[in-house]
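The values are calculated or read from the model by the stated rules, or taken from the named source; none is laboratory data. Bear in mind that the values here come from a model prediction, so they are computed numbers and not experimental data. Note that each Cβ is placed from the backbone with ideal geometry, even for glycine, and that neighbours are counted across all protein chains shown. The accessibility values were calculated without ligands, DNA or RNA, using every heavy atom of the protein model including side chains. Shrake-Rupley method; radii C 1.70, N 1.55, O 1.52, S 1.80 Å.
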Amino acid sequence: MQVLQMQLEVGADPAEVGRARRWARSRLIGSGMNDDEPLAETLILLISELVTNAVVHTGCPAVLRMLFGSGAAEAGTVRVEVADTSARPPCPRHAQGEDTNGRGLELVDGLADRWGWQPEGSGKRIWCEVDRCEPGEGAERPMTAPASERHDGREGRDDGPGRYVVVADDSSKTVTQS
């Protein structure tokens, strides 16, 4: 199976969230997805929530990664990862009534097919996955694994900003974005 990985370094400034959304949207379009497609809109919302959490709640820079399974926009799963240097685990909150924040991880839990987090270096990586379905197929989502089982053994490679990593079986090829 081939995996296409793209990543963006995100500064510790809330204004970076908008830049991350624009970058992600352009990468989704480049992968063959229409920007008004429901899957693209869901991914952009997930990216916005995860990057916002990293920037606002940790005050640290982060790295946004998008990983596409084989067949780019035609098949597979899209995985979004946000890694930061804070070792503090994510803490889901439950917003009440008119609260203006506290819904981010609830949105991720409701929109992603799977999500979780794991330690990475001195910080952590929060990830979510959205399965693609063919037009006309049901959009039924599987149940999310319990928090204790939300660990995914797949490791992303950090090859620097603006680099694509294509992994085919046990070999990989890195292509610098122009």
For this session: Could you check, for the range 88-96, whether at least one of its residues is at pLDDT 50 or above, exposed (fewer than 15 other Cβ atoms within 10 Å of the Cβ) and of a type in the set (D, E, K, R)?
Result: yes
Problem set entry | the range 32-50 residues that are farther than 20 Å from Leu4 by Cα, paired with ones that are open to solvent by 30 Å² or more (accessible area, probe 1.4 Å) (beta carbon under 6 Å, 6 or more apart) | Ser48/Arg21; Glu49/Leu107
Problem set entry | The lone exception for Leu111 - which of (1) of a type in the set (A, V, I, L, M); (2) open to solvent by 50 Å² or more (accessible area, probe 1.4 Å); (3) touching a Ser or Thr at 6+ places or on another chain (Cβ under 8 Å); (4) closer than 18 Å to Cys133 by Cα it fails | (2)
Problem set entry | Evaluation of Glu37 against (1) among the charged types (D, E, K, R); (2) crowded, with 18+ Cβ neighbours inside 10 Å; (3) touching a helix residue (DSSP H, G or I) at 6+ places or on another chain (Cβ under 9 Å) (one fails), failing number | (2)
Seminar exercise, completed: Selection from the range 1-27 of residues touching a Gly at 6+ places or on another chain (Cβ under 9 Å), modelled with pLDDT under 95 and not in a strand (DSSP E or B) yields Met1, Ala12
Problem set entry | Residue that is farthest from the chain's Cα centre (by Cα) [pool: residues in the range 28-37 that are in a helix (DSSP H, G or I) and closer than 20 Å to Val51 by Cα] | Ile29
